[in-house]
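> Here's a structure for you.
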């Protein structure tokens, strides 16, 4: 059976998708790095700045643990190295999926790009500083979400896009 060749517009879709994916990832990376730098230069550590009283604060917190402060109190000397290795492997997995996929749905592209930008930014911080800066503090009455940053937000929203893709895909 002869091999069919896709029309030129279809063949460039993968490249355009990868370009958009890379652009979104770079924007997330730069935005996260800039916001963390602004927090470090303008808010003293552990200072709370109310933005929406009763709901949202800015705070300068250093997180040497995993997402949402998990393992941050662990004194294990190998903790940072393990977090760097795991983050690096997960990041390579995402890059591999994006690179090997010829055509991804827009929800998958956006999700992967958000995860890629956020994970890369947090990984760079762990390698460079051994920790990340968290500064977004959301709460309501007695319910308090762990402090997080823009990269964490991008990763969670990106995962949401991937879940949406799985739920809405028709096979």
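> For 36, 107, 62, what ranking results if the residue with the fewest other Cβ atoms within 10 Å of its Cβ goes first?
Listing 36, 107, 62 from fewest to most nearby Cβ atoms yields 62, 107, 36.
> Also: Highest mean first, what order results for 51-57, 18-24 on Cβ atoms within 10 Å?
18-24, 51-57
> Sort 40, 45 so the one with the fewest other Cβ atoms within 10 Å of its own Cβ comes first.
The order, fewest Cβ neighbours first, is 45, 40.
> Right, next: Let's test the formula: R0 of 30 Å, r as the Cβ-Cβ distance of residue 144 and residue 100. What FRET efficiency results, to the nearest 0.05?
For R0 = 30 Å, the calculated efficiency reads 0.15.
> Quick check: pseudo-label points 7 Å beyond the Cα along Cα→Cβ at residue 48 and residue 124, how many nm apart are they?
Taking the two extended label points, one gets 3.2 nm.
> Most exposed first by the Cβ proxy, i.e. fewest other Cβ within 10 Å, how do 41, 121, 87 rank?
In order of increasing Cβ crowding within 10 Å: 41, 87, 121.
The numbers here are math on the coordinates, done by the rules we state, and not lab data. Note that this is a predicted model, so its numbers are computed, not measured. Don't worry about glycine lacking a Cβ; one is built from the backbone with ideal geometry, like all the others, and counts go over all protein chains shown.
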